[in-house]
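The structure under discussion appears below in the form of structure tokens.
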Amino acid sequence: MSWRDVMCGEPREGDVGRTLTLAGWAARRRDHGGLVFVDLRDRSGLMQLVVNPERSPAAAELAKEIRNEFVLQARGEVVARSPETVNPKMPTGEVELQVDELTIVSRSTPLPFQLDEEGVDETLRLRYRWLDLRTERMQRNLRLSGTAVAGIRRRMEELGFVDLWTPSMTRATPEGARDFLVPVRLQPGTFFALPQSPQLFKQLFMIAGFDRYYQIATCFRDEDLRADRQFEFRQLDVEMAFAEREDVLAVLEEAVRAAFEALEREAPVAPFPRLTWSDVMARYGSDKPDVRFGLEIQDATEVTRGSEFGVFANAPCVRFFVAPKALSRAELARLEELVKEWGAKGLAYIVVDESGEMRSPIVRFLSEPELEAFRAESGSTVLFAADESRAAARVLGLLRSHLGRELELVDESRDEFLWVVDFPLFEPDEETGGWTFSHHPFTGIAPGHEELLESDPGAALSQAYDLVWNGWELGSGSIRIHRQDVQQRVFRALGLTEGEAKEKFGFLLDALQMGAPPHGGFAMGLDRFIALLAAEPNIREVIAFPKVSSGADPLTGAPSRVPREQLEELGIRLLEEPS
Ligand code: ASP
């Protein structure tokens, strides 16, 4: 005998009269004095079982024992429900199974939470993840993830990309995070690093002549966990030889569209807009702008050069945007708190009230041309930042996002994909006072900008690009350096001695000397992309077995202590016993 003839969600009116066997979980059991109703659930849906003591006394006796989440097998006849008991909300709602034989296949202890319960504590959900994953939400999310990834894979294969595997135990790859290290028993005192990305391996594939590589790669980064960040995550990792930037962007646009199409949704129209980094930083104060609302930033550095308001006159850069509301004193005080948290010294503003009058402590210092430049409609507020240009952009960018949400200016019906291109090659390294890479050290330099490496590193642009969806960065990539001498100059500009560069990246430098084609690629964070597709605010809702924000896994209890002998074998002694 097979376990089941059809899935629970399948029987319809046309099946009336058939004798069928179903198997699944007891989602709900109702006892109506004699008659017992059970909603039997499997991945396809629910089917109502009716156990009638007159029809099957043995089944009725057993049915008394059924509790939620017991696994049952039931054989019986599909019958039409009487009109008043038809449930139009259930696809199987016109029929029910009159049970002749019932088996309790597997029992469940009392549940830590009910599957239809709202607001269950997340740690509890994760501790009993196998139950949590039975909920409609988690079933939907993980299936959506599977469907989207399958669609992406199919498209990548159609486009001639080959799926190649790269090691998880390797050397550090500099993507800007801390490494997870793996101690090595055979050589105590040495460590593998878990890859922050397959970056160097995929470049080696290009040098090796594979031409088009992709992989759904797991990457490991030791960073503080957040709503959109886990220690380990998946990327659609791509690399192409003899490719220009536009070739790479077109492939990624196809991958994104493939995911939408696999989910039977309208795919975003390609090509996505390309905006330069300097443009988005100036207009949106962010390298991942949400362009579903306005509040565009404007520059007022010129007009405030001779200002009597010292803060403006002396700042390297003055910028502002106009919020479409005359903000109250209390609202402005709260915003001032916020910008101080973000590192600004204060918040200059001008409120234009309903009568068009400009109210602000700074108005009396401003000249006619200044006031003219800031004139906004009645019922609005002009908000300023006066600082170094990066700092001014950052604060106004955060303020813009905050007010976009707060004032409900975001048009949620829109989906905006865009590319940010022409990033700077380096950014200031706060810690060392030197330069650090904006993307990673293998990123190509914008044509004609090589000379700036030595003369003005901060002004050099790169060939990096980011993909942004509704204000979320989905991933980054670049055309790479394929010349050994240029790669060495970049290492030097980053403060690496020749010895250090050789020690860390000698294999790459060697490979770049043995026929390296021009190449470039991209990596898209899949978990974030899928969370957005699933309209989930947190990537933990689309990952089967995630860690909580402390980094722990409530399910398995990892990370855990290990026996002393195991550490000794690895040549490790602890400075402190874990608490
Ligand atoms: N390796 C990069 C990352 O993980 C992506 C790339 O440059 O292809 O962000």
Requested in this report: Express the C-alpha Rg of segment 1-78 as a ratio against the empirical globular expectation 2.2 N^0.38 Å, rounded to two decimals.
Outcome: 1.02
Report summary line: The value for segment 32-118 (convex hull of the alpha-carbon atoms, volume per residue, Å³) is 123 Å³
Query raised in the report: Listed highest first by mean packing, meaning other Cβ atoms within 10 Å per residue, what order do 269-276, 537-544 come in?
Result: 537-544, 269-276
Report summary line: In terms of the alpha carbon gyration tensor, root eigenvalues a ≥ b ≥ c, rounded if a/c is under 1.5 and otherwise prolate when a/b exceeds b/c or oblate, segment 119-176 is oblate
Report summary line: Using the Cα gyration tensor of segment 156-211, the equivalent ellipsoid's semi-axes, largest first and to the nearest Å, work out to 28, 12, 10
**Report entry** Charge tally in the Cβ shell below 13 Å around Arg257, where Lys, Arg are +1 and Asp, Glu are -1, Arg257 excluded
**Finding:** -4
Report task. Rounded to whole Å and ordered largest first, report the semi-axes of the equivalent ellipsoid of segment 211-349 derived from its Cα gyration tensor (root of 5λ). Result -> 40, 20, 17
Requested in this report: Excluding residues fewer than 8 places away in the same chain, name every one of the lysines whose C-alpha is closer than 21 Å to that of Lys202.
Outcome: Lys502, Lys504
Report task. May I ask you to list the lysines whose Cα is less than 17 Å away from that of Lys325, ignoring any residue fewer than eight positions away on the same chain? Result -> none
Report summary line: One would report the Cα pair-distance distribution of the chain, bin width 10 Å, in %, as 3, 13, 19, 19, 18, 13, 9, 4, 1, 0
Query raised in the report: In a shell of Cβ-Cβ distance under 14 Å around Lys345, excluding Lys345 itself, what net charge do Lys and Arg (+1) and Asp and Glu (-1) give?
Result: -3
Query - Over segment 292-380, equivalent-ellipsoid semi-axes from the Cα gyration tensor in Å - result: 19, 17, 13
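For Glu372 and Arg18, compute 0.36 nm times the residue count separating them, minus their Cα-Cα distance, and round to one decimal in nm.
Using 0.36 nm per residue and subtracting the Cα-Cα distance, I get 119.3 nm.
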Query raised in the report: To one decimal place, what Kirkwood hydrodynamic radius in Å is obtained for segment 44-168 from all pairs of distinct Cα atoms?
Result: 18.4 Å
Report task. Starting from the Cα-Cα distance between Val79 and Arg140, subtract it from 0.36 nm times their residue separation and give me the gain in nm to one decimal. Result -> 19.0 nm
Report task. Kindly provide the Kirkwood hydrodynamic radius of segment 465-579 in Å, to one decimal, from all pairs of distinct alpha carbon atoms. Result -> 19.1 Å
Query raised in the report: At Ala208 and Arg489, where each label point lies 7 Å from the Cα along Cα→Cβ, what is the point-to-point distance in nanometres?
Result: 3.0 nm
Query - Proportion of all alpha-carbon pairs of segment 369-506 beyond 26 Å (%) - result: 43 percent
Query raised in the report: Just from its helices, what would the mean residue ellipticity at 222 nm be for the chain, if runs of 4 or more DSSP H residues each count -39500 (n - 2.57) and the sum is divided by every residue, rounded to the nearest 500 deg cm²/dmol?
Result: -8000 deg cm²/dmol
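Throughout, read-outs are computed from the coordinates displayed, never taken from laboratory work. Computed from a predicted structure; not experimentally measured. Using ideal geometry, Cβ is built from the backbone for each residue, glycine included, and neighbour counts are taken over all protein chains shown.
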